[in-house]
Amino acid sequence: MAGALQLPVVDLSSPDRFSTANAIRQACIEHGFFYLVNHGVDEELVKKVFEQSRNFFSLPVEDKMKLVQRNHRGYARLYTIKLDPNPSTKGDTREAFYMGPLADGHNQWPSEEDLPSWRSTVETYYQKVASVGTKLLSLIALSLNLDEDLFEKLGALNDPLAMMGLLHYPGDHLDSSNEEIYGASAHSDFGMITLLATDGVPGLQICREKSEQPQVWEDVPSLSGAFIVNIGDMMERWTNYQYCIECCHRNKNATPWRSSRTRARTASLNVWKPVAVNLVRQGID
Ligand SMILES: O=C(O)CCC(=O)C(=O)O
Ligand SMILES: [Fe+2]
């Protein structure tokens, strides 16, 4: 049975960087997760992204399939993602649209006629969230008692492979008695950090000790205006497992398809080029 969890709240606008860094340290050791408030991404822009996300996912599947994933960019239809490699779990009940660095030519976009202003809205949001990610990383360096500009100095922020996904959970499996079907099955994220914006519909759960049996899953409620931030595998390794060890998460999902509260989420996964892994690891023990 899952209980609700109250995650620590980190304020990105606080002038006291050392106490913010301390709060991050504690959150990353204890939970691997925290809420990020006053992050500077305009609420109106976030609303527009959710609106555009709903516009895209409401298109007929044939139209969405014209943008099917190539080079990990574009549309992933229902059940094609399976975050938990366990063979007993079915594909995840979600569809997604992924994009990455804006200048590398790999992104795919719906046409301006089909979805006016879609690309510009989503690109603006991508850039804003990427700059939040960069600010947060300097605080994470500080939280490890390292120089704030460590990641920058080591070149880890050069051409970052920052990925962003628009996620849609239709809730198709909710009538099923199969408990093992999830919107997003149990996993950890592969990058440095993930920032997740939600439309307030619950579903995210975390397990702080994945090797413990039975596993204890706790609900993570949304906090209005906040990103839910979590540490990914790469950062876990770079900190020599000081942060987020044994933690994993999933999405139980809550909303039936075509109900008035369609579930739509955006997540931005910031992943840095593998070449930076060695460089950064040297600085952290
Ligand atoms: O949407 C959620 O609640 C979680 C999504 C997630 O964990 C992921 O895409 O990595
Ligand atoms: Fe995740």
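Values quoted throughout were computed directly from the atomic coordinates according to the rules given, and no laboratory measurement underlies them. Quick caveat: nothing in here was measured; it's all calculated off a predicted structure. No Cβ is skipped: glycine too gets one built from the backbone with ideal geometry, and neighbour counts run over all protein chains shown.
Packing here is the average count of other Cβ atoms within 10 Å per residue, and on that basis the peptides 62-73, 113-124, highest first, run 113-124, 62-73.
Could you give the length gained on full extension between Ser88 and Lys47, defined as 0.36 nm per residue of separation minus the Cα-Cα distance, in nm? List each step's numbers first, then the result.
Details: separation 41, 0.36 × 41 = 14.76 nm, distance 3.68 nm.
Result: 11.1 nm gained on full extension.
Between the amide H of Asp189 and those of Asp233, distances stay under 5 Å, these residues lying 5 or more places away or on another chain, with hydrogens modeled in the peptide plane. Measuring between their Cα centroids, the stretch 93-109 and the stretch 115-145 lie 15 Å from each other. For the stretch 231-241, the Karplus equation 6.51 cos²θ - 1.76 cosθ + 1.60, evaluated at θ = phi - 60°, returns couplings of 7, x, 4, 5, 5, 4, 5, 4, 8, 6, 6 Hz by residue, with Gly and Pro reported as x.
Were the residues from Arg77 through Asn240 laid out at 0.36 nm apart, the gain over their Cα-Cα distance would be 55.1 nm. Amide H to amide H, with H built 1.01 Å from N, Asp92 comes under 5 Å of Tyr79, Ile81, Lys82, Leu83, counting only residues 5 or more places away or on other chains. Using the Cβ-Cβ distance between Asp233 and Glu113 with R0 set to 45 Å, the FRET efficiency works out to roughly 0.65.
R0 = 22 Å: FRET efficiency of Val37 with Asp219, Cβ-based, nearest 0.05? Display every interim value, and only then the final one.
Numbers: r = 19 Å, r/R0 = 0.88.
Between Val37 and Asp219 the formula returns 0.70.
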